[in-house]
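Here is the structure we will look at, set down as structure tokens.
Bear in mind these aren't lab numbers, they're just calculated from the coordinates by the rules spelled out. Only a predicted model underlies this, so the values are computations on that prediction, with no experimental measurement involved. Every residue, glycine among them, receives a Cβ derived from its backbone with ideal geometry; neighbour counts consider all protein chains shown.
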DNA sequence: TCAAATGTGTTGGATATACGACAAATCCAA
DNA sequence: TTGGATTTGTCGTATATCCAACACATTTGA
């Protein structure tokens, strides 16, 4: 809608920084990566880093959000309906993302990563619910979106701790517990 | 020596433009490539193109020079001696370069490309001769460097028209004709 | 042939990035 | 523990890039 195109210099520089960060993450642990490392790898000035990010934790946030967002957006969930297939695909994206992270070195930042994943999920669910029920008050969608995101993330934690089946099978069993609470009628009641 | 490091923004932008140009060259003929095409592909502003290049022919010059220079520099000829091995390797680099160009579409610009190759050769030979005979007047090296470059380029034309043997074999036979005229003693006599 | 569309080259003002410097914080070896 | 070395954030100034607009040239299609 209000697509205000951003300066290409900003897009380029953000990508340079994030790509360098991801590249370095495959070689070092997060705690050993300095901002100087990143800017040297990206061939940009250190001051420019601070033009885009507050500090290295801010970068971690935004870089991981970006990666997860790209993973989730390749099917444009924000414009699709909420049903079993959608939830299965999103769940698969989350577990894929977490497995790709376990190959990189972010030990000690598991809870940060958890928060990032859940926040992204909340954004996606909020948009999906908004598309599905455009005549509802947007405020009323925040609570169900949050609960859905917590629920699905919690399921991913369960699966990681005890991966008895494939992610797809695993979440199909769990969907009734999640979805039961947030169908259309319930949201209307909340409102 | 006087290595004044250039602004990283300039290096980045030049690379973006040249890479986009080379990419487009593999899809279209040169005459069909517009500056707008290039800047769109490179995601840079069209005005920025003119900050770096006079026009599209200037870009053709510099892009091809750059590619050939990279090909030739991987062995740092400028710091090595002039002997049979060196000449063979350089000749191979030229024929490789020409064959890579024939896959791209630069029909009608063969003589421009010829000039670019020869000029690069002249630069390389000038440096090599300078290293080999540092006590000679630099001016005296210009003529032999030019003659060597014309000679080797001419040999590449001959080979392309009639590739009876491999480039390596071909140039080994021709080297006596080229090198005979520009050995150390002859340069001193010219001087 | 003409008119519309597209590409070229240039300009002025706005903005992002580079660079060097700085004090403060953190790291690390002696 | 100390002291040097590295990293972090921040700043002011210089410069590269963006953007919109312009006149002009070239291409295209009816």
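Things worth noting here:
- Chain A Cβ-axis minimum, rotational copy B, residue and distance in Å: A:12, 4
- Packing-based ranking, highest mean first, of B:112-120, A:24-32 given that Cβ atoms within 10 Å are counted: B:112-120, A:24-32
- Shortest-first distances to equivalent copies, position residue B:54, nm, label 7 Å out along Cβ: 5.2
- Exam field: residue B:168 pseudo-label spacings to other copies (7 Å along Cα-Cβ), nanometres: 5.3
- Seen from every direction in turn and averaged, the convex hull around the alpha carbons of the stretch A:39-101 projects onto 5.6 nm².
- Across peptide A:7-13, the average count of Cβ atoms from other chains found within 10 Å of a residue's Cβ is 2.
- Across peptide B:44-50, the mean count of Cβ atoms from other chains lying within 10 Å of each residue's own Cβ comes to 1.
- With label points defined 7 Å past Cα in the direction of Cβ, position residue A:83 shows copy-to-copy spacings of 7.5 nm, given to one decimal and shortest first.
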